[in-house]
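In what follows, a single structure is set out as structure tokens and then discussed.
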């Protein structure tokens with residue numbers, strides 16, 4: 001991975017050693033001292049930017065997603081965003097995501113996972129699907145769609161939004177408007 005000095009551009013740093021002149025004087029006895037004190041030069045190869053740009057950043061998509069939402073990409077947010085979004089559309093509970101983070105050696109508390117999921121939801125990066133009081137999943141697919149929820153396996157499955165037509169719902173209370181209708185259809189295996 002290291003670039004050879006002969007092929008790389010060199011970044012030269014100059015360090016003036018004013019304090020070294022008295023120690024160097026006995027070594028250079030009999031020689032005329034220039035009016036400028038000798039300098040040491042340190043060379044290090046500059047990174048090859050073209051190859052660095054061609055490599056993928058391990059947190060690149062997660063970083064970009066957080067920046068697009070104007071969130072500061074902290075270590076924990078990056079790790080959780082990577083777990084959430086880099087595997088395609090999915091439904092996950094806070095406990096499941098915490099378990100995945102632990103398995104990936106990401107040190108994060110369950111409270112931080114909950115806070116991050118709710119923050120992502122408030123910014124429109126996730127949708128929360130409440131299947132019963134106190135039990136919810138977070139959906140990475142924020143497009144218009146609905147869900148099947150299997151009561152036996154606790155799995156959610158997407159239903160395209162065009163496949164469910166809701167009509168005849170009541171008018172919302174005065175001063176409010178309907179922003180979204182979520183339909184969760186509960187299912188179970190036949191003969192169970």
Checklist outcome for this item: Ranked on Cβ counts within 10 Å of their own Cβ, fewest leading, 145, 119, 98 go 119, 145, 98
Next on the checklist: Sort 154-167, 78-91 by packing, meaning the average of other beta carbons within 10 Å per residue, with the highest value first.
Outcome noted: 78-91, 154-167
Item to check | Cα centroid separation, region 112-133 to region 137-167 (Å) | outcome: 15 Å
Next on the checklist: Looking only at region 59-192, where both bridge partners belong to it, what percent of the DSSP beta bridges are antiparallel (to the nearest 5)?
Outcome noted: 75 percent
Checklist entry - Residue separation times 0.36 nm, minus the C-alpha to C-alpha distance between residue 157 and residue 103: what's the value? => result 17.0 nm
Next on the checklist: Just want the ordering: 63, 149, from fewest to most Cβ atoms lying within 10 Å of their own Cβ.
Outcome noted: 63, 149
Checklist entry - What is the gain in length, in nm to one decimal, between residue 186 and residue 135 on full extension, counting 0.36 nm per residue of separation less the C-alpha to C-alpha distance? => result 17.0 nm
Checklist entry - Where does each of 103-111, 171-179 land if you order them by average Cβ count within 10 Å, highest first? => result 103-111, 171-179
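None of the figures in this text is laboratory data; all of them are computed from the coordinates on show. All figures in this text were calculated on a predicted structure; none of them were measured in a lab. Every residue, glycine among them, receives a Cβ derived from its backbone with ideal geometry; neighbour counts consider all protein chains shown.
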